[in-house]
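To keep things clear, I will list the structure first and then write my remarks on it.
The values are calculated or read from the model by the stated rules, or taken from the named source; none is laboratory data. Everything numeric in this text was worked out from a predicted model, so none of it was measured. We place every Cβ from the backbone using ideal geometry, glycine too, and count neighbours over all the protein chains shown.
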Amino acid sequence: MNPKPLSSCECIVTTSDRPWRRGATPVRLSQKTGRSGATARLPDLEVGEETGLPWLGFGGCFNELGWRALSRLSAKERALTLDKLFAPGVGLQFEFCRLPIGANDYAEDWYSHAETPGDFELKHFSIERDRRALIPYVNEARRRQPGLELFASPWSPPTWMKNPPVFNSGKLRDDKRHLDAYARYLLKFVQAYAEEGIPIGQLHVQNEPVSSQKFPSCVITGEEFKRFIGNHLGPVFAKAGCGTEIWLGTINGPETDDRKYWSGFNDYAFTVMEDPKAVRHVKGVSYQWAGKHAVWRTRLAYPDLPMIQSENECGEGANSWNYAWYIADLVHHYLAQGVDGYVYWNMALEPGGESTWGWKQNSLFTVDPETGSLTTNPEYHVMRHYAGFVRRGDRRLRCARPWAANTVAFCSATTGERVVVIRNPFATERVLRIAAGSELWAVTLPGDSLATVRLPAPSGAK
């Protein structure tokens with residue numbers, strides 16, 4: 001369900017002391033003079049024509065510890081919270097979400113779906129574990145958002161397919177027998193979920209392939225991606241007639257802080273996309289964390305290739321407004337450089353947000369297991385300014401002039417209205433002059449705020 005078409009402009013504003021409130025109504029000015037008797041001046045922001053690919057959606061990741069936190073709520077409160085995450089017309093309206101294949105760092109403990117050593121025929125493959133938390137979590141979301149699209153990614157292959165044979169750290173064994181078995185393992189996951197009535201739209205081949213972690217992980221180089229996708233995974237999916245897309249991701253490089261010089265754009269996306277065998281099977285690219293430094297070059301090289309941000313940076317469990325403003329800047333960074341989807345990380349956690357291995361991280365909601373009380377965290381309000389208004393199929397609009405550095409804008413595919421999300425990073429109120437087509441608007445932004453401005457479709461627009 002999309003917002004009702006507008007007959008006038010409106011503005012929703014968030015500040016740290018007053019999140020999510022109606023702001024001052026934008027004022028339409030004369031295009032020639034800006035206001036009666038005033039000398040015309042250039043606008044602070046210009047919102048222009050459509051650009052880029054259709055939007056795929058905003059979403060979050062289904063994790064076991066998230067479902068455990070939501071399960072601490074009363075049935076009524078849990079239903080209301082899930083509505084705020086997924087239900088059309090309510091809150092975030094998430095419609096494009098992520099799912100782990102086996103354990104990630106927010107699983108209750110570490111597992112894969114085929115841990116019997118040497119089981120190359122995968123006779124013991126099973127998703128039974130996922131029926132405890134992940135499948136119920138996904139089904140609750142899909143009940144509210146029937147059009148929910150999912151992508152899945154492994155954090156680690158089964159341990160017997162790795163060297164050394166552990167969940168945390170290690171590499172995939174680089175021989176045909178293990179690589180073929182792993183390709184079939186990923187196919188069986190997609191098929192098993194389809195049998196549950198849960199289609200997986202995309203497979204992103206490996207979470208954070210640049211990093212060897214204390215939690216489930218697996219280092220895969222760009223050259224190894226190229227060979228695995230081109231010689232094993234792609235052919236296995238094609239032979240099975242599997243409709244799930246294969247994506248290159250979720251890439252967390254170039255990792256410049258640790259001087260991993262082999263982790264840049266040329267080493268991953270360019271290596272795979274310029275290989276004639278691999279590129280036949282790759283339908284998109286996903287980035288997270290340090291991958292943000294490769295987004296611009298990827299879009300420059302492949303303007304028609306779908307690309308998403310696959311995991312929101314997670315903070316340190318304090319859920320502060322300072323970090324929420326950082327997330328607002330991060331969303332802008334990705335959207336302004338042309339990604340087609342943006343995925344938050346933990347949707348709900350218990351206080352402190354501690355992972356299985358001890359890292360405290362942020363979440364949209366916090367649930368106290370002692371009292372069953374729910375806290376709505378600052379990043380929920382930040383994400384709502386985008387996800388609450390931009391729907392799948394909408395198109396990004398070009399922005400220009402100085403305030404484009406703090407603005408993203410979209411055009412609704414169904415109503416033609418313009419959604420303009422603006423961050424005022426200054427401590428003082430600003431009145432911006434926004435030019436949109438033949439219109440000129442004055443919009444008042446409180447100091448240190450995030451605002452969503454909805455402009456009606458231009459007159460005469462279809």
Condition check: at pLDDT below 95 and either in the same structural domain as residue 229 (by TED's automatic domain parsing) or touching a helix residue (DSSP H, G or I) at 6+ places or on another chain (Cβ under 7 Å) (or both). Does residue 169 satisfy that? yes
Counting just the residues of region 131-188 that are acidic (Asp, Glu) and either free of Cβ contacts under 8 Å to residues at least 40 places away in the same chain or more than 20 Å from residue 62 (Cα to Cα) (or both), which one comes out surrounded by the most Cβ atoms within 10 Å (Cβ to Cβ)? 180
Is it the case that some residue within region 107-128 is among the polar types (S, T, N, Q) and under 22 Å from residue 59 (Cβ atoms)? no
So in region 338-350, with the set limited to residues that are part of a strand (DSSP E or B) and hydrophobic (A, V, I, L, M, F, W, C), which one is farthest from residue 393 (Cα to Cα)? 349
Test: residue 266 is in the same structural domain as residue 293 (by TED's automatic domain parsing), assigned to a helix (DSSP H, G or I), surrounded by fewer than 21 Cβ atoms within 10 Å (Cβ to Cβ) and not aromatic (Phe, Trp, Tyr): no
Could you please give the count of residues in region 269-291 that are exposed (fewer than 15 other Cβ atoms within 10 Å of the Cβ) and in a loop (DSSP other than H, G, I, E, B)? 2
Pair list, Cβ < 9 Å and 6+ apart or interchain, from region 90-101 residues that are free of Cβ contacts under 8 Å to residues at least 40 places away in the same chain to residues that are assigned to a loop (DSSP other than H, G, I, E, B): 90/388
Report, ordered by the first and then the second residue, all pairs with beta carbons closer than 7 Å, sequence separation of six or more or different chains, a first member in region 223-240 that is under 19 Å from residue 177 (Cβ atoms), and a second member that is in a helix (DSSP H, G or I) and among the acidic types (Asp, Glu). 232/180
Being in contact (Cβ under 8 Å) with a residue 24 or more places away in the chain, on the phi > 0 side of the Ramachandran plot and surrounded by 22 or more Cβ atoms within 10 Å (Cβ to Cβ) narrows it down to one of 393, 353, 317, 372, so name that one. 353
If residue 427 meets every condition in (1) free of Cβ contacts under 8 Å to residues at least 40 places away in the same chain; (2) buried (at least 20 other Cβ atoms within 10 Å of the Cβ) apart from one, which number is that one? (2)
Among (1) under 27 Å from the mean Cα position of the chain (by Cα); (2) not in a loop (DSSP other than H, G, I, E, B), where does residue 433 come up short? (1)
Can you confirm whether residue 65 is part of a helix (DSSP H, G or I) and closer than 21 Å to residue 198 by Cα? yes
Which residues, counting only those in region 163-219, are of a type in the set (Lys, Arg), more than 27 Å from residue 312 (Cβ to Cβ) and assigned to a loop (DSSP other than H, G, I, E, B)? 173
